[in-house]
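Take a look at the structure set out below.
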Amino acid sequence: MRLLFRQRMFSWFDSYDIYDEAGETVYTVKGQLSWGHRLKIFDGTGNEIGMVQERVLTFLPKFELYFGGEYVGCITKEFSFLKPRYNIDCNGWQVEGSFLEWDYSIADASGQPVAAVSKELFNWTDTYVIEVYDPQDALCALMLVLAIDAEKCSRGND
């Protein structure tokens, strides 16, 4: 399953539209005013299905993930040189990024690929392609991409 993650050009808060291969809107993400990033995820019919909430006052950036209001895990940026690294406490997944922080791979605890994320260059707004190998993992993979993008935005590294 391939998802196209595109930030809206004109919005006061983080807002994204996520499309499938046919160009249909699968998810809509709306940022809310709060301390830190707070991104609510809605399905194609407008129902809230998830949220990514940044924890403030932490040494390294940390984002909590919620499905339907229920906490399911978190992602924390690790201290590292050259390659960005993230500690994920959700599904036993792990994530690693490229040197330029534009490409990511997500794998399960056994090392099997869950999703591949790549940033499309030369667009007016942040645009990512998320290749999810099992459609049931799409929402969780999207939440990780949102958290990583928000962390990069917080440190001014778009």
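Each value in this text was obtained by applying a stated rule to the coordinates, not by laboratory testing. Computed from a predicted structure; not experimentally measured. Heads up, the Cβs are rebuilt from the backbone with ideal geometry, glycines too, and the neighbour counts pull from every protein chain shown.
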Worksheet item: Between Asp108 and Phe67, what is the label-to-label distance in nm when each label sits 7 Å out along the Cα-to-Cβ direction?
Response: 1.4 nm
Practice prompt. Mind giving me the FRET efficiency for Lys40 and Phe81? R0 is 35 Å, r the Cβ-Cβ distance, nearest 0.05 is fine.
Written response: 0.55
Worksheet item: Working out 0.36 nm times the residue gap between Met1 and Thr28, then minus their Cα-Cα distance, what length gain in nm do you get to one decimal?
Response: 8.0 nm
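Compute the FRET efficiency between Asn47 and Leu121 as 1/(1 + (r/R0)^6), taking r as their Cβ-Cβ distance and R0 = 41 Å, and round to the nearest 0.05.
0.80
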